[in-house]
Every structure is written in structure tokens, then in C-alpha cells.
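The values are calculated or read from the model by the stated rules, or taken from the named source; none is laboratory data. Quick caveat: nothing in here was measured; it's all calculated off a predicted structure. Note that we place each Cβ from the backbone using ideal geometry, even for glycine, and neighbour counts take in every protein chain shown.
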Amino acid sequence: EAQVTQNPRYLITVTGKKLTVTCSQNMNHEYMSWYRQDPGLGLRQIYYSMNVEVTDKGDVPEGYKVSRKEKRNFPLILESPSPNQTSLYFCASSSNRDWQPQHFGDGTRLSIL
Amino acid sequence: AQSVSQHNHHVILSEAASLELGCNYSYGGTVNLFWYVQYPGQHLQLLLKYFSGDPLVKGIKGFEAEFIKSKFSFNLRKPSVQWSDTAEYFCAGRDGTDKLIFGTGTRLQVFP
């Protein structure tokens, strides 16, 4: 079954404690992306990747890092999380730069205290 | 930089009413436009997309959207909504880059 898997689904942590949200896709897609969703702000792209070792900033990259060492994985790293990074995060993948179709993961709800 | 605007933040309708959700984009060149729907507790699903050709695009679940280049608009329409259409709707656009820009979303509530 084609899917994008994010872990964890829920996480409550404290300011400054490094965390990683994993994202894995089994469709051999070149394109992967991370979004955050906040009430009243919609989805905002954090980072995206066009292929292994190729990443670029989205609209809100500050405070985040990503890596793309393997095609299937695109982890999101918060080196020093802060409360303003409390949000719902979605990973997505696509086979093309048109992002169509775009397959989304089920989301990760992060709470930074 | 490209931007996508949705001016209706919250829309409340009764079943069978007609729906039109506004979407405006800022990019002047070739643009690809999309509407996504997010049902409560679920991730986004694509409703329809416009790349080129016929500006009236038909999507799933009876939705359609019209690309009006002169107005930089891509409004979503449905002639008769159902309670099951209660969801959040996002317009998105892509210019010549690989970035996909989303609007802030419109929350639709349909009452029986």
C-alpha cells in the first residue's frame, strides 16, 4: 500500500530539547516536503526536497533542519524547539515537481512547553 | 513572491445551498492552481487542479473551479452542498519553481 508514514503522531516536550520527526515514503518519490498547519494560517511549507541530498527552504524554515540521505526518508529536526513551534506537522511526497498527486502523512501534533 | 489568498475564513451554510469560496493568487506568469479539502481529523485530499486549457475545471464530489486570469482568481463552487462537505478547504498555487504555496484555508460548516 502506497503511504507516507510519520512518527511520532503526538509528542509533548519541553523547550530546548532536540527532537526529530521521521517521515518515510514507499513510493520511490523524488519530491518530499514538510508543512506546518496552524489555525488561521493554513499550511505553510517548511522545507522541501527534490531528490537525495537536494533540499530547499520553504516559507518558514527558521528553527528547522532537514536531511535527505536516502530517497525514502526525510526527517524534520528541531535542534532547540520553542513554544512557537507547537503545531500540526505534515510530511508529503510526490513523483514530480508539480506535486501532483501529493501524498500526505497522517500528521504529527507537536506541543512544546 | 507568489502568494495565495483566501478571504472567506469561515462559511456557514444550510444543506442544498450553493457554495463559492474565493481564491486569489499573485503570480503573473504561468501558474498551476489547486483546491484541497481536509475533513476533520484527516490529511489533505486533492479536489481539483488547473494546469492549462479549459478554465472551468471539474473535480471530485461535485466541485468545480473557474480560472479567471484577468482577475487572478480560482474560485471553488458547488451548486448544492451536503452536510458531509463540512471540512476545511485550501487553495494552493505553484509558480515556475518547485514550491507549493497554500492559502490560509476556509472552514466550511454545513448544517442539515
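Residues are listed down the side, and each one gets a yes or a no for (1) assigned to a loop (DSSP other than H, G, I, E, B); (2) closer than 19 Å to B:T106 by Cα; (3) among the β-branched types (V, I, T); (4) at pLDDT below 85:
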{"residue": "B:Q2", "(1), (2), (3), (4)": "yes, no, no, yes"}
{"residue": "B:N8", "(1), (2), (3), (4)": "yes, yes, no, no"}
{"residue": "B:G28", "(1), (2), (3), (4)": "yes, no, no, yes"}
{"residue": "B:W35", "(1), (2), (3), (4)": "no, yes, no, no"}
{"residue": "B:P40", "(1), (2), (3), (4)": "yes, yes, no, no"}
{"residue": "B:H43", "(1), (2), (3), (4)": "yes, yes, no, yes"}
{"residue": "B:L46", "(1), (2), (3), (4)": "no, yes, no, no"}
{"residue": "B:D54", "(1), (2), (3), (4)": "yes, no, no, no"}
{"residue": "B:V57", "(1), (2), (3), (4)": "no, no, yes, no"}
Exercise for review: Go through the stretch B:1-23 and give me each residue that's surrounded by 14 or more Cβ atoms within 10 Å (Cβ to Cβ), under 18 Å from A:D59 (Cα atoms) and under 16 Å from the mean Cα position of the chain (by Cα).
Suggested key: B:V4, B:S5, B:Q6
Exercise for review: Report, by residue number, each residue of the stretch A:91-108 that is part of a strand (DSSP E or B) and either at positive phi or of a type in the set (F, W, Y) (or both).
Suggested key: A:F104
Review point. Restricting the search to the stretch A:71-97, which residues are out of contact with any strand residue (DSSP E or B) (no Cβ under 6 Å at 6 or more places or on another chain), within 14 Å of chain B (Cβ to nearest Cβ) and not polar (S, T, N, Q)?
Key: A:R97
**Study point:** Members of the stretch B:96-110 found to be more than 7 Å from every other protein chain (Cβ to nearest Cβ), of a type outside the set (V, I, T) and more than 17 Å from the chain's Cα centre (by Cα), listed by number
**Key:** B:G96
Exercise for review: Identify the residue in the stretch A:47-59 that is of a type outside the set (S, T, Y) and within 13 Å of chain B (Cβ to nearest Cβ) and, among all such residues, is surrounded by the most Cβ atoms within 10 Å (Cβ to Cβ).
Suggested key: A:G58
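Could we say that A:R44 is within 11 Å of chain B (Cβ to nearest Cβ), of a type in the set (K, R) and on the phi < 0 side of the Ramachandran plot here?
Yes: the conditions hold for A:R44.
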Exercise for review: Can you work out which of the residues in the stretch A:12-22 that are under 14 Å from the mean Cα position of the chain (by Cα) and of a type in the set (A, V, I, L, M, F, W, C) is surrounded by the fewest Cβ atoms within 10 Å (Cβ to Cβ)?
Suggested key: A:L19
**Study point:** Positions within the stretch B:50-87 being surrounded by fewer than 19 Cβ atoms within 10 Å (Cβ to Cβ) and of a type in the set (D, E, K, R), in sequence order
**Key:** B:D54, B:K58, B:K61, B:E64, B:E66, B:K69, B:K71, B:R77
